[in-house]
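The values are calculated or read from the model by the stated rules, or taken from the named source; none is laboratory data. The model shown is predicted, which means the values in this text are computed figures rather than measured ones. Cβ placement follows ideal geometry from the backbone for every residue including glycine, while neighbour counts extend to all protein chains displayed.
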2 protein chains.
Amino acid sequence: MPIHIERDVRLQSGRTVDEVRLSYAIYGELNAARDNLVIFPTYFTGRQSCNEPYFGQGRALDPNIHCILVPSLIGNSDSSSPSNTTGPDAGAAFPNFTIHDNVRLQRALVDKLFQVERVALVIGWSMGGCQAFEWAAQFPDFVARALPFCATAMCSTHNHVFLEGVKAALTADGDWAGGNYSAPPARGLRAFGRAYAGWAYSREFFNRRLYRPLGFETSEDLLQDWERDHLSWDANDLLCKVWTWQHADISVNGRYHGDLPTALNAIKARMIVMPATTDMYFAETQASREASLIPNAEFRPFFSHWGHCAATPSAPDPGFLPFLDDAIFDLMSE
Amino acid sequence: MPIHIERDVRLQSGRTVDEVRLSYAIYGELNAARDNLVIFPTYFTGRQSCNEPYFGQGRALDPNIHCILVPSLIGNSDSSSPSNTTGPDAGAAFPNFTIHDNVRLQRALVDKLFQVERVALVIGWSMGGCQAFEWAAQFPDFVARALPFCATAMCSTHNHVFLEGVKAALTADGDWAGGNYSAPPARGLRAFGRAYAGWAYSREFFNRRLYRPLGFETSEDLLQDWERDHLSWDANDLLCKVWTWQHADISVNGRYHGDLPTALNAIKARMIVMPATTDMYFAETQASREASLIPNAEFRPFFSHWGHCAATPSAPDPGFLPFLDDAIFDLMSE
């Protein structure tokens, strides 16, 4: 997969990084009018290919029609991450990147790859949606449309606290060693996945046994799958992205000075803000309040018992992808 | 504090325990009519004295009028617990006790201490409320009234999954050593408390910063208080009670054979079922369904942004204790 390299990157924290690598994938080509570029950033545990179920031939986003750029989050193990960095910034010493930093790097990539006046759409799930909000607020004249789903413009205190819990589960493993582990802290990674799973779905999902259509006989089987999945991630990479997530806020920068209503009001993109109704951390109520402050946003919640994972690309609520496609069609056809 | 001893106790699991100690406290005295006995079991991290804010002179429950018996949960460090047991049942080898086992032991205590035909009221918060449900279902003719608050008649799958997450946080600490620790697994205990706190309140509690009236400037200050609090508990004692909680179900016994509607329908007590509206695990929707199946139950939810901790006796939602007193008055005056 291609890598874009930026040198001497000054982060929001003030720290300068000699070299930042941004991994990306492109599906489709820029058209002659240069108006079909779509940016679809990755989510918390997403690699580029994970986004593929969200688009395809004949779908609302179609690589035959659109040029879909999928940049990887810093920390996702493909872009610069604690696990793939050597030298003084490696591992536990890896610097903190904000969503703002991520999007600034993505903008540099877009300017290098494509000479476009505007991006047609920025879209994403979860932390991918946080990046869509950030794109719209950081570059109001550059983003024509945005569609964040199961995401909010800032990480709420409760969302922050939930992440503290799963972090605590990981770092309780002494093998984590403050991030300076020689072998993966397996107990901690399993605990992270197990503690996370209770938040990723909803009360209704578990109590109605909706894990059964996914092939899990019991909730314990599902939890063990989450353990296995998290064992495949590097602990510091996960913690790097948790930090990014916890500090998500489109207003905490020199432009908006922490004034979220002003940041939301400055967005010029046509937007659909799409929470899932039972999402336990990117909550519908918060998404609704935020959408009401964006001049050109429609609030379109997806009714689901599946919580945040209503929109997980690997196994979404069966109704979600058609619902998403409808929204993309509506947004793109205006 | 007094201790009741039962010998050769056969548990639901089939296991027999040579000696079980049930710690208890009594506030007030049995009256001449023998009709003023109230049972108020302890909750998950409750000692007997923790229940004291729920009653007092001039209150709906008044030791000058009522005889209030507070039995301690098995595993709460006062009754038989992994931490205070010696011999082959000590520590990690401590047997599993169900809510059913707890209530059978409490009934033996009541029969020994008091020769009453009926208990006037069984009441409790959280796991204390689970015991109130169990009393009403296990001894329908013996329980005149019951008032479980922030509790349900069975532990839902989602509730079970949340507890798996906090258990995983504790047991990720290698010092836990499968329960055979020589010193407290401090990282794990802290992680347990930190991960638990995100569930104990509600989204609204955190996002509206309702921890500030409690004296915590930031959510981090609150999380650190939860860490400190859990450091004072024995890890195996906590895990013992988590097991009890996860297996709570008034119908899983020889009388009801797992048929929860039948068990609820068999309750003869006059009841008020009182969830808090934003409780994240003993959910209002479940309490409502259960109450609708109890012949003589009123469903009376407490509206609060405080989640499960709306009713925590140390620092409840300011409106809760008057609301509880009203309900007790209503129930006792009929």
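Applying the selection to the range A:259-273, what residues are over 19 Å from the mean Cα position of the chain (by Cα) and assigned to a helix (DSSP H, G or I)?
A:Leu260, A:Pro261, A:Thr262, A:Ala263, A:Asn265
Kindly provide the set of residues from the range A:208-229 that are of a type outside the set (Gly, Ala, Ser), within 13 Å of chain B (Cβ to nearest Cβ) and touching a Ser or Thr at 6+ places or on another chain (Cβ under 8 Å), ordered by number.
Correct list: A:Arg209, A:Tyr211.
Given the residues B:Glu19, B:Glu29, which is the only one that is more than 28 Å from B:Leu321 (Cβ to Cβ) and touching a residue at least 12 places away in the same chain (Cβ under 8 Å)?
Working: B:Glu29 fails: more than 28 Å from B:Leu321 (Cβ to Cβ).
Step by step, each of B:Glu19, B:Glu29 is checked, and only B:Glu19 is more than 28 Å from B:Leu321 (Cβ to Cβ) and touching a residue at least 12 places away in the same chain (Cβ under 8 Å).
Might you check whether a residue that is at pLDDT 95 or above, in a helix (DSSP H, G or I), within 14 Å of chain B (Cβ to nearest Cβ) and touching a Lys or Arg at 6+ places or on another chain (Cβ under 9 Å) occurs anywhere in the range A:277-294? So that I can check it myself, show each step before the final result.
Start the filter on the range A:277-294 by keeping residues that are at pLDDT 95 or above, which leaves A:277-294.
Narrowing the set further to residues that are in a helix (DSSP H, G or I) leaves A:284-292.
Among the residues that remain, those that are also within 14 Å of chain B (Cβ to nearest Cβ) are: A:284-290.
So of that shortlist, the ones also touching a Lys or Arg at 6+ places or on another chain (Cβ under 9 Å) come out as A:285-286.
Yes, there is a match, as at least one residue in the range A:277-294 is at pLDDT 95 or above, in a helix (DSSP H, G or I), within 14 Å of chain B (Cβ to nearest Cβ) and touching a Lys or Arg at 6+ places or on another chain (Cβ under 9 Å).
Being farther than 15 Å from A:Trp125 by Cβ and either in contact with a helix residue (DSSP H, G or I) (Cβ under 8 Å, 6 or more places away or on another chain) or crowded, with 21+ Cβ neighbours inside 10 Å (or both) is the filter here; which residues of the range A:291-301 pass it?
Within the range A:291-301, the first condition is being farther than 15 Å from A:Trp125 by Cβ, and the residues that meet it are A:291-299.
Selection gives A:Ala291, A:Leu293, A:Ile294, A:Pro295, A:Ala297, A:Glu298, A:Phe299.
Considering only residues that are more than 11 Å from chain B (Cβ to nearest Cβ) and in contact with a Ser or Thr (Cβ under 9 Å, 6 or more places away or on another chain), which ones fall in the range A:162-184?
Passing the criteria: A:Gly178, A:Gly179.
Would a scan of the range B:109-120 turn up a residue that is free of Cβ contacts under 8 Å to residues at least 12 places away in the same chain, surrounded by fewer than 24 Cβ atoms within 10 Å (Cβ to Cβ) and over 14 Å from the mean Cα position of the chain (by Cα)?
Residues of the range B:109-120 free of Cβ contacts under 8 Å to residues at least 12 places away in the same chain: B:111.
When the remaining residues are screened for being surrounded by fewer than 24 Cβ atoms within 10 Å (Cβ to Cβ), the result is B:111.
Retained after the next criterion (residues that are over 14 Å from the mean Cα position of the chain (by Cα)): B:111.
Yes: one or more hits.
In the range B:150-177, what count of residues is obtained for those that are of a type outside the set (S, T, N, Q), in contact (Cβ under 8 Å) with a residue 60 or more places away in the chain and more than 22 Å from A:Tyr196 (Cα to Cα)?
Here the count works out to 4.
Being farther than 17 Å from B:Ala132 by Cα, of a type in the set (S, T, N, Q) and surrounded by fewer than 18 Cβ atoms within 10 Å (Cβ to Cβ) narrows it down to one residue among B:Ser304, B:Ser288, B:Ser333; which is it? Write out each step before concluding.
Numbers: B:Ser304 fails: surrounded by fewer than 18 Cβ atoms within 10 Å (Cβ to Cβ); B:Ser288 fails: farther than 17 Å from B:Ala132 by Cα.
Only one candidate qualifies: B:Ser333.
Filtering the range B:136-161 down to residues that are assigned to a helix (DSSP H, G or I) and within 14 Å of chain A (Cβ to nearest Cβ), which residue is farthest from B:Arg289 (Cα to Cα)? Steps first, please.
Looking only at the range B:136-161, we keep the residues that are assigned to a helix (DSSP H, G or I), and these are B:136-138, B:157-161.
Now drop any that are not within 14 Å of chain A (Cβ to nearest Cβ), which leaves B:157-161.
Details: B:Thr157: 15, B:His158: 16, B:Asn159: 16, B:His160: 18, B:Val161: 20 Å.
Ranking the candidates gives B:Val161 first.
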